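Reviewing the structure listed below.
Every number here is computed from the coordinates shown, using simple stated rules; none is lab data. Please read these numbers as outputs of a predicted model, since none were measured by experiment. Glycine gets a Cβ as well: all are built from the backbone with ideal geometry, and neighbour counts include every protein chain shown.
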Amino acid sequence: MALTLTGAAGSSTLDSSKGLSVATWTTANRPASPVTGQMGYNTTTGQMEIYGAIGWANAGTAGNSYTASYLLIAGGGGAGNNYGGAGGAGGYLTGTTSLTSGSVYTATVGAGGAAAASTVAGTNGVDSTFTGLTTAVGGGGGGSYPSVNPASGGSGGGMGISSGTASSGTSGQGFAGGTSTGYVSGPGPWAAGAGGGAGAVGGTGSGSTGGAGGVGLASSITGSSVTRAGGGGAHGMSVAGAGGTGGGGNGTVLGNGVAGTANTGGGGGSGSTTGFGAGGSGIIIISVPTTNYTGTTTGSPTVTTSGANTILQFTASGTYTA
């Protein structure tokens, strides 16, 4: 004998010989107006799930934990003005962490630092954070001629064409900015230092050639290899330095330095007296086993799948409920 109950979310059947068969749905087609205690089988995740105070959660898993991979990149630093140095890349952190089912995790994505609007250093990039993880430090701003030093950060900013104190990167997150051989009065030559990257020190400005930005690092967390967190390239009297692979903005001989690429944490490239580039914004990427993915987010992250994992890419701040 079987008893079937039918509603808007589907049917559940209680059969004396076959047991209970509950309503089914996919993650994309969950009941539009669930009520507390509503339960069904999610064919996307292969899990029973129940609706409660935290939204949809796998039944019986609240308080349990699972392993997720992450990539945190902070905002890149802005370039310095007036023959200034380039911006350093945002701090780069990757690894694995444990997420607790039912807990809310907040992703805060750092903005790129503004380029200098006068004879000062560029602004450091903004830190990126994710609940429970080490902070990714914003990239250092580039220095400026004649005596403004570059700033340290996730990766350090490059030195302007004058001599001064070099910047540093944050251990485990990035490298120092490049230095300059200095300015020769009169006709020159001169050249500025490049921003450090997640993978290498920024290039030195030498003679009339600006330093090349420090290279970034590649990650395959999304399923394909992408390089991010390159340092900005620097201004040179005759030859400008290229931005570091991974979103670093190019330097220029005349005119504006190029901004770091958005959502890579790339440093801003530097230009001449009126030219400078802002740092690129950061990004936070979280990869979780699809069988554990709840689908409960805020902030509209981009959600994709690769193999057995679901990947959330936060290009702006938001949350994920594990």
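Some values worked out for this structure:
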{"quantity": "Gaussian network model of the chain, Cα within-10 Å springs - most flexible of ALA28, ALA79, ALA117", "calculated": "ALA28"}
{"quantity": "D_trans [Stokes-Einstein, Kirkwood Rh over alpha-carbon pairs] for the stretch 164-225, 10 °C, 1.306 mPa s, µm² s⁻¹", "calculated": "127"}
{"quantity": "Listed residues ALA23, ALA212, ALA86, most fluctuating in the chain (Gaussian network, C-alpha, under 10 Å)", "calculated": "ALA23"}
{"quantity": "Contact order normalised by residue count of the chain, Cα under 8 Å, 6+ apart, percent", "calculated": "17"}
{"quantity": "Average projected area [Cα convex hull, the stretch 127-255], square nanometres", "calculated": "8.0"}
{"quantity": "In range of the label at SER147: residues from the stretch 166-183 whose backbone nitrogen is under 12 Å from the point 7 Å along Cα→Cβ", "calculated": "none"}
{"quantity": "Net length gained if the chain between LEU254 and THR43 were fully extended (0.36 nm per residue, minus Cα distance)", "calculated": "70.1 nm"}
{"quantity": "Rg and Dmax [Cα atoms of the stretch 192-245; Å; Rg one decimal, Dmax integer]", "calculated": "12.3, 42"}
{"quantity": "Cβ-derived FRET efficiency at R0 35 Å, VAL303 paired with VAL22, nearest 0.05", "calculated": "0.85"}
{"quantity": "Projected label distance in nm at THR291 and THR97, using a 7 Å step from Cα toward the beta-carbon", "calculated": "2.3"}
{"quantity": "Rg/Rh for the chain, where both radii come from Cα atoms and Rh is the Kirkwood radius", "calculated": "1.22"}
{"quantity": "Sorted by Cβ density within 10 Å, fewest first, the residues ILE73, ILE311", "calculated": "ILE311, ILE73"}
